[in-house]
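Here is the structure we will look at, set down as structure tokens.
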Amino acid sequence: MFSDDTQARPFDHLPMGTVIDRYIIERPLADGGFSAVYLARQLTDQVQVVIKEYLPRKLSYRNWEGQVVPHNDETRGPFLRGRKFFVEEARMLATLKHPNIVDVMGFFHANATVYMVMHYDYGKNLRWYLQNRPNQLDEVFLLRLADRMLDALETIHSHGLLHLDLKPENIEIRPGHDPLLLDFGAARLLSGSGNWKGSSKVRTPGFSPPEQYNQNIPIGPWSDLYALGATLWTCLDRRPPPPVPKRFEHDTLKSAVRQYRDRASKGFLYAIDQALNLDPGQRPQAVAEFRELLNQIG
């Protein structure tokens, strides 16, 4: 799980061999703006796990004692709120048991921050496949990807949650081309009114729908389906769709049905086109509707 695609800055990561809680750190796996990810082993049975550390670089740093501390009084409040949301993410993920959703085993507090413990799965993320194995992304691969991601989203939505950051970097491809949905840092509870509850919105250009740019547009399962449509489009086009602001200025996104009719079935392409509609009301409203589109036209 997670590719070694980011170089650590000095003192950012816990040193290899560090014993923390019931684990020993083997090596860093990934590095992001809000967290550091490690490969580790359980001390009791030597089983490998992945540990994600809350480490927001803009708000905090690791001091010489290994503690993660806010930069100053101004960043203390946002740091503490982010740490609270990190714990909520871990608790939430621990309830989502599905073969295509990252398996969170628990969390613990140490070094003035929080650590999430996940099951270790070997694989490369979908972005790696786009860059290094694009010829493997044929219709068989994409149909399997769509089917498994729809299964995962259906489970997430049934728990009253939205992922809100589905993209190639957050999909790990395991042996047998079995995808695993990662990183629920942007996930939010969905209220009955269709508005999210939580902190600021995470946006990924090309993959985030209009409602993640405009708080007056309600979010819902259709928001995750836009991101899934954008991910499948990217696998076909090798580039993500234009970001939403550019699409609103001048929408140059072409129809997948017309553009790629020689590479995939019409139903599959039609489902992508519908999912990428800028109007949330014109998209599939739920996973079941997306599946129906897949099968509607041969």
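The values are calculated or read from the model by the stated rules, or taken from the named source; none is laboratory data. All figures in this text were calculated on a predicted structure; none of them were measured in a lab. Cβ atoms come from the backbone with ideal geometry, glycine included; neighbour counts cover every protein chain shown.
Annotations
- Single condition Leu126 does not satisfy, out of (1) modelled with pLDDT under 90; (2) under 23 Å from Ser223 (Cβ atoms); (3) hydrophobic (A, V, I, L, M, F, W, C): (1)
- Qualifying residue in the range 10-17 (condition: modelled with pLDDT under 95, charged (D, E, K, R), surrounded by fewer than 20 Cβ atoms within 10 Å (Cβ to Cβ) and closer than 25 Å to Trp128 by Cα): yes
- Any strands (runs of 3 or more DSSP E) falling wholly within the range 18-93 and containing at least 2 residues that are closer than 24 Å to His119 by Cα: 23-31, 35-42, 48-54
- Residue in the range 253-268 that is touching a Lys or Arg at 6+ places or on another chain (Cβ under 7 Å) and touching a residue at least 24 places away in the same chain (Cβ under 8 Å) present: no
- The numbered conditions (1) surrounded by fewer than 20 Cβ atoms within 10 Å (Cβ to Cβ); (2) in the same structural domain as Leu180 (by TED's automatic domain parsing); (3) of a type outside the set (Gly, Ala, Ser) are all true for Thr95 except (2).
- Taking each residue of the range 203-229 that is assigned by TED's automatic domain parsing to the domain that holds Leu278 and looking for partners that are of a type in the set (Val, Ile, Thr) and assigned to a helix (DSSP H, G or I) with beta-carbon atoms closer than 6 Å, six or more apart or interchain, yields Pro210/Val244; Tyr213/Val244; Gly229/Ile272.
- Criterion applied to Arg188, Arg127 was being over 26 Å from Gln215 (Cα atoms) and either surrounded by fewer than 23 Cβ atoms within 10 Å (Cβ to Cβ) or not polar (S, T, N, Q) (or both), and the one residue passing it is Arg127.
- Residue count for the range 87-120, restricted to those that are in contact (Cβ under 8 Å) with a residue 60 or more places away in the chain and among the hydrophobic types (A, V, I, L, M, F, W, C): 11
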